[in-house]
1. Spin-label point model (7 Å from Cα, Cβ direction): what's the THR157 to GLN272 distance in nm?
2. What does a probe at ALA231 reach in segment 262-279, counting residues whose amide N is under 16 Å from the point 7 Å along Cα→Cβ?
3. Count charges around GLU78 for me, please; just the other residues with Cβ under 12 Å from its Cβ, Lys/Arg as +1, Asp/Glu as -1.
4. Springs between alpha-carbon pairs under 10 angstrom, Gaussian network model over the chain: which of GLY359, GLY11, GLY83 fluctuates most?
5. Suppose the chain between ASP368 and GLU205 were pulled fully straight at 0.36 nm per residue; how much longer would it get relative to their current alpha carbon spacing?
6. For segment 237-317, taking Cα atoms only, what is the radius of gyration to one decimal and the Dmax to the nearest whole Å?
7. Two decimals, Cα atoms only, Kirkwood Rh: what is Rg/Rh over segment 395-441?
8. Go through segment 315-408 and name the chymotrypsin sites (Phe, Trp or Tyr not before Pro) that are in a DSSP coil and have 16 or fewer other Cβ atoms within 10 Å of their Cβ.
Amino acid sequence: MTGDTGVIIVGGGFSGTMLAAELARRGIRATLVERSGREGRGTAYSTPEDAHLLNVVAAKMGAWADEPEHFAKTVEGEGYQPGDFVPRRRYGEYLSGILQEAEDSGLVTVVRADAQSAGPRAGGGWTVALGDGTELNAKALVVAHGNQAPDPPEAATGISEQLFVNDPWSDEGRKAVERAAALNSDVLLIGTGLTMIDVVLSLDEAGHRGQICALSRRGLAPRAHAEHNPAPVRIEEVPQGSLKALWEWLRSQSARVGWRAAVDSIRPYTHQIWQALTDADRLRFLRHARPWWDVHRHRIAPEVAGRIKQLVQEGRLHIVAARVKAMREEKGQLAVAIQRRGMENAKSVNFCLAVNCTGPLGAISESDDPLLNSLFDGGHARPDSLDLGLDVDGRSRIAGAKRAWALGPLTKGRFWEITAVPDIRGQVATVADDIAEELKR
């Protein structure tokens, strides 16, 4: 058992890395626990492929809340302009450098281990048990897991890992994509969002020349960034408390100023707008409007959009509105029954691999993470009312727990738009300030 550290942070992606760095700036010790060995990069920025670009221009990707142009200044000597979409690999190096500086300060310690459980200590503070039997003690706990792998579709039950990949970002998933590229056989991607874009690029980079079928219920794919004239609005101009009124306002505003400007105009107010909705309206949004919001809000670099368009034009990528009805293994391949939207019957198509690209886990109560489950089982945390993440207050403090916070995607139920760097860096700085004040007491 180790002695007390100031703060234990579980999760070494952007949220956890930057909280450790922000705490070091404030003279507070932190232990960062990350099991994957990707600390400082996380899943999003650990890709080695230059084809995977940031979805936001360099000028807006500074990791420090008080220095939004820090990243652009860091890479300006490498030929990148503030308006460029830089490779995510380079951003991972940038974050790793920040983490290394924090470690060099002597205030941050990185522990590569699996956090198995967490619980409050008598007299205050927290104990985190690691997979090797070690226990860490701290005055405060921060849970920063990031997005988690989705549940596999029911049709994939019993399918070999050689033929079906549930987590394309796992080491096994990346190897499976490389194998599929070498075979040049057809690949099925279930889901047509940002994960689909990345897997398509990975296949193309690896030399895959077979066909790729990407499907989702609506067949919607992310839109591209493009130049547009900003059309800022005041919060008083935006309907609050009614999803129907908000949606009608967005459609009307899009007709006047263009959809990109309309969507961007409410970016400063998304937390306030989301929190003004009732749970019924939030659920209605998740069921019916979310796919449309996601493809218009979470855009891709023009270079990436151009590459996807070219693959479609060449007949190598097909993005369709359909669903998977069944899967079965057949002579070393995967036979998939696909029902296109509007069609009564399903058609069987053979693939060498299917990849789950539906995005992160949708219900936190279904997580298989041992630390989260230990918090739930011990009554130290609970899912939010929508089951998107943890129940937290406006300061990101975990409801029902003392000196415990959550960061990033784990707080989607409270903040909704809390997955991109410009959103999370502000949350991280606020939580760092809150921890500093709390530890003074």
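The values are calculated or read from the model by the stated rules, or taken from the named source; none is laboratory data. Note that the coordinates shown come from a computational prediction; the quantities given were computed from them, not determined experimentally. Cβ atoms come from the backbone with ideal geometry, glycine included; neighbour counts cover every protein chain shown. For accessibility, only protein heavy atoms count, side chains too; no ligands or nucleic acids. Shrake-Rupley method; radii C 1.70, N 1.55, O 1.52, S 1.80 Å.
1. 4.8 nm
2. Taking a point 7 Å out along Cα→Cβ of ALA231, the residues of segment 262-279 whose backbone N falls under 16 Å are 262-268.
3. -1
4. Looking only at GLY359, GLY11, GLY83, the biggest GNM fluctuation is shown by GLY83.
5. Working it through step by step, the gained length comes to 55.5 nm.
6. When restricted to the Cα atoms of segment 237-317, Rg and Dmax are 15.4, 46 Å.
7. Rg divided by Rh gives 0.98.
8. none
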